[in-house]
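What follows is a single structure, written as structure tokens, with notes after it.
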Amino acid sequence: MRDLIRVGLDRFCGWYDAGTLDAFVAAGGTLVSTPEVSVEQARVMLDTSTPFVLDVRRKAEFIEGHIAGATNIAHTRLLSRLAEVPKATPILVNCRSGGRSSRACSLLQRHGYEVTNLAGGMLAWEQATVPGAR
């Protein structure tokens, strides 16, 4: 609950286990999903289009290293700083490992943004950029 509240998802009244969600979908219900891309797919996005790269880690993490051209808005500050995120541009969101960025994507989607989450976050990005890494 704390993670959801930190990104502004604070109007919930309960939770469902995976079996209940499966039954909901089987009965015709729909769920909203968030697109997620690998590091390789993200690099193609960056080479072929101009997504807004949003890094939702803390400032200290961002300073240690980030994707070139990324804008840093900590996930805990994102709701109050939505005006800084362009609505007409696809957004590639990342964090350290993909958890915070996934929750940030949910918040952004709720506000009408087109988002894609970087699978594995900066850990995956950095591993892929290390010479000899696979």
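Which three semi-axes in whole Å describe the equivalent ellipsoid of the range 2-129, each the square root of 5 times a Cα gyration tensor eigenvalue, listed largest first?
Equivalent-ellipsoid dimensions as semi-axes: 26, 17, 15 Å.
Order of 113-121, 73-81 by packing, highest average Cβ count within 10 Å first?
Packing order, densest peptide first, comes out as 113-121, 73-81.
Laboratory data are not the source of any read-out in this text; all were calculated from the coordinates shown. Quantities reported herein were computed from a predicted structural model and do not represent experimental measurements. Quick reminder, even Gly has a Cβ in these numbers, built from the backbone with ideal geometry, and neighbours come from all protein chains shown.
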